[in-house]
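To start, the structure under review is shown below, and the notes come after it.
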Amino acid sequence: MTTVDERPAGFENNDHKPVGHGRMLRKEDPRFIRGKGRYVDDVQLPGMLHCAILRSPVAHARIVSIDTTAAEAHPKVKAVVTGAALTELGLAWMPTLSGDVQAVLATDKVRFQGQEVAFVVAEDRYAARDALELIDVEYDVLDPVIDVRRALEPGAPVIRDDLDGKTDNHIFDWETGDEAATEAVFASADVVVSEDIVYPRVHPAPMETCGCVADYDRIDGRLTLWSTSQAPHAHRTLYAIVAGLPEHKIRVISPDIGGGFGGKVPIYPGYVCAIVGSIVTGKPVKWMEDRSENLTSTGFARDYIMRGEIAATRDGKILAVRTNVLADHGAFNGVAAPVKYPAGFFGVFTGSYDLQAAHCKMTAVYTNKAPGGVAYACSFRITEAVYLIERIVDCLAYELQMDPVELRIKNFIQPDQFPYRTKTGWLYDSGDYEPTMRKALEIAGYDELRREQAERRACGELMGIGVSFFTEAVGAGPRKDMDILGLGMADGCELRVHPTGKAVVRLSVQTQGQGHETTFAQIVAEEIGIPPADIDVVHGDTDQTPFGLGTYGSRSTPVSGAAAALVARKVRDKARLIASAMLEVSVADLEWQKGAFHVKGDPAKSVTIQEIAMRAHGAGDLPEGVEGGLEAQICYNPENLTYPHGAYICVVDIDPGTAQVKVRRFVAVDDCGTRINPMIIEGQVHRGLTDGVGMALMEMIAFDEDGNCLGGSLMDYLIPTALEVPDWETGFTVTPSPHHPIGAKGVGESATVGSPPAIVNAVVDALKPFGIRHADMPLTPSRVWDAMRGVPRPP
Ligand code: MCN
Ligand code: CUN
């Protein structure tokens, strides 16, 4: 079903229909635009000390010795801690989110440039930094392993010799789909197209770097940690497990977060160093990384080398896809993904198409690069999956000399096939793809663009039109299948209505800029009729909110959003019992509308939710079996993921003299089911599209052959600004999720996932006169120039 449900502007004061309300401004913005946001680095505690981390200058080396005497003698230094000291505390290594271990401070070897070697706690930030220079480390430099293919060669230096019996750099093999069935389809297909496709290593690069303030109270044994965390509850449990502190004595607070994009999902060594620093000194300790530390040592994204193959009939019916992937996970497997999904949700690489067979084989390897993985608006590797399928479909269109839009439409999963089980086992909940595609074509004026392109081509101009169509899987996840280190992926939510009818909703998810203070108030308002302005959203503090797994994989709306709607319905059910007593009619005779219960057939006889709230807390008896108060709590375990989709069209012009790509237009039509706040959705989409321009044209964390990171500052790691992006043109369709209580699907990562292939497809389309079928990101002027001149792609 596709419906369009957008209330027009002018509904500002219609608080009874808050969901889908176009003009509802963000409740959090007054404090942000007035500089009153409170970030981790704004936390100042009496007597607070500062932590700075000494990092390895080389990618691979044995540590021969560390001399800290001079640093310890610095007058402002309170403590210097090395890996050896942490070993004594049993804290030198910590578990990663993928069940590997990662060094908090290196004990034996350093395994990537920028790895944590020692830390200093001092009276101020500058003294701490100065003292790092007084630490003398002797390194015995080893041969670094930078190329993921070389890492697998026999005789390659073994990076993880700390792991028992490890004699190579192999992490895991993973496969999905049916190899034999896929082989059979490929063997009999008219056309088979294959292409080597690289998704380079990129970085989320949030405005605010990672950091924390750790305050350990020696008297009552309580640890309070203000931290840049996307998942405060999960972090608290992990700290309890790692450090052996009792969980009820740990409080993790994520205050305002200046962008996360997945990079604030993992626990970084710096957090542990600050905690240890506080335990050792008895004072609060702050650690804030600088920009280079953030770019070189925190969770990167992508780094997949993919061979994609597609089989089809001569007239363009796609039959099967298969792929072989080499995944570079860096020195420690720090990928954040549900345990059963070592490759995240890459299994949705079959895209939006109805296929006969599919198969994927993947090998993950260690290299001497920073650990992490997955982060950067990735929907758990769906970015890579969507890029692969949308690029390879374009390669097929190229070979068949077919229009890429026509090819896609011909192969879409049809509306009556939903719920649709893919050949890799995913159950797409709902979708209606063709109207979304048609809407994008209409906004773009596709036919006219193709005519213009033909004219320009005739004059030697390089204009390209690129299309992508994506289906995402977001909202991890059903706890029977999904957990992070044994913690099931469900979300708690609590709602309290105060006597005067104002409310507070407490969430387990934590916003990093997505506007949860607004949208969660809207969801609750829609269900219980209290205006959003009267509903306070509390999140990001483990002492004040129920347990849940946090914000990433666009899961807040699918999981916590469902929890918020259901907890509000639970409160409404109780309100109904009280209303029936107040109106002296049976529950069955009550009707709910606009925040009030009224007697069926007699709208004048009614009680508002505010009156009910007062009654629930007031003097006098309540109906038999009804407790006082008006509040409820639930834990929501989703039945399935939600599957948003979208159609993107990009128009580029390439300067034939400089090979500079200019994104002239970009049309994005997104379908995320029921839309809670269209303005926020648009903001999310604009942000993600900008990400896409960055990844497609500019961003890459590169290394030289010695493992030196070449992208350690924003001078080298280019991110897009308003100058590099066009005025985004957005549209939407609405295909509600059948299993979500209000039909909403996630949207936070959609545009990051869907836009890179549209841009690359456009650039490759512009280069068609040169006979080019594929070129790898980032499509910088030099790469485009090389492609135009037939220079082979970098290995
Ligand atoms: N929304 C809506 N209607 C829908 C779906 C979503 O109004 N049908 C609203 C939500 O209510 C929420 C926002 O859109 O306010 C994003 O919702 P959702 O898609 O559920 O995603 P999350 O809130 O879980 O955010 C996580 C997602 C991820 S994983 C990354 S990465 C990312 C992203 O959000 N990081 C961000 N967007 C970001 N935006 C900002 N400003 N900063 C980041 O770090
Ligand atoms: Cu993978 S980046 Mo978001 O899921 O936090």
**Asked** Among the residues of segment 628-646, is there at least one that is part of a loop (DSSP other than H, G, I, E, B) and farther than 29 Å from P741 by Cα?
**Response** no
- Any chance A533 is more than 16 Å from ligand 1 (Cβ to nearest atom) and either outside any loop (DSSP other than H, G, I, E, B) or surrounded by fewer than 24 Cβ atoms within 10 Å (Cβ to Cβ) (or both): yes
Screening V110, V121, V104 for residues that are touching a Pro at 6+ places or on another chain (Cβ under 7 Å), surrounded by 24 or more Cβ atoms within 10 Å (Cβ to Cβ) and either over 18 Å from C51 (Cα atoms) or not basic (K, R) (or both) leaves only V104
Does G561 satisfy the criteria of being touching a residue at least 60 places away in the same chain (Cβ under 8 Å), at positive phi, within 14 Å of ligand 1 (Cβ to nearest atom) and not polar (S, T, N, Q)?
-> no
Please determine whether any residue of segment 540-547 is more than 16 Å from ligand 2 (Cβ to nearest atom), in a strand (DSSP E or B), of a type outside the set (V, I, T) and closer than 30 Å to A751 by Cα.
yes
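For every residue, the table says whether it meets (1) in contact with a Cys (Cβ under 7 Å, 6 or more places away or on another chain); (2) at pLDDT 95 or above; (3) within 16 Å of ligand 2 (Cβ to nearest atom).
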{"residue": "G550", "(1), (2), (3)": "no, yes, yes"}
{"residue": "T557", "(1), (2), (3)": "no, yes, yes"}
{"residue": "S560", "(1), (2), (3)": "yes, yes, yes"}
{"residue": "L566", "(1), (2), (3)": "no, yes, no"}
{"residue": "V571", "(1), (2), (3)": "no, yes, no"}
{"residue": "K574", "(1), (2), (3)": "no, yes, no"}
{"residue": "I578", "(1), (2), (3)": "no, yes, no"}
{"residue": "L583", "(1), (2), (3)": "no, yes, no"}
{"residue": "V587", "(1), (2), (3)": "no, yes, no"}
Within segment 465-502, the residues that are crowded, with 24+ Cβ neighbours inside 10 Å, in a strand (DSSP E or B) and not β-branched (V, I, T) are G466, S468, F469, F470, D491, C493, L495
**Asked** So is E749 within 14 Å of ligand 1 (Cβ to nearest atom), within 24 Å of the chain's Cα centre (by Cα), charged (D, E, K, R) and on the phi < 0 side of the Ramachandran plot or not?
**Response** yes
### Query
Before we move on, is L427 more than 16 Å from ligand 1 (Cβ to nearest atom), aliphatic (A, V, I, L, M), over 25 Å from the mean Cα position of the chain (by Cα) and surrounded by fewer than 20 Cβ atoms within 10 Å (Cβ to Cβ)?
no
Counting only strands (runs of 3 or more DSSP E) entirely within segment 108-226, those with at least 2 residues that are of a type outside the set (D, E), farther than 30 Å from T313 by Cα and within 16 Å of ligand 2 (Cβ to nearest atom) are 191-202
Among the residues of segment 618-627, is there at least one that is surrounded by 11 or more Cβ atoms within 10 Å (Cβ to Cβ) and among the acidic types (D, E)? no
Checked against (1) without any contact (Cβ under 8 Å) to a residue 40 or more places away in the chain; (2) more than 32 Å from the chain's Cα centre (by Cα); (3) buried (at least 20 other Cβ atoms within 10 Å of the Cβ), A79 satisfies every condition except (1)
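The values are calculated or read from the model by the stated rules, or taken from the named source; none is laboratory data. For clarity, every value in this text was computed on a predicted model and none was experimentally measured. No Cβ is skipped: glycine too gets one built from the backbone with ideal geometry, and neighbour counts run over all protein chains shown.
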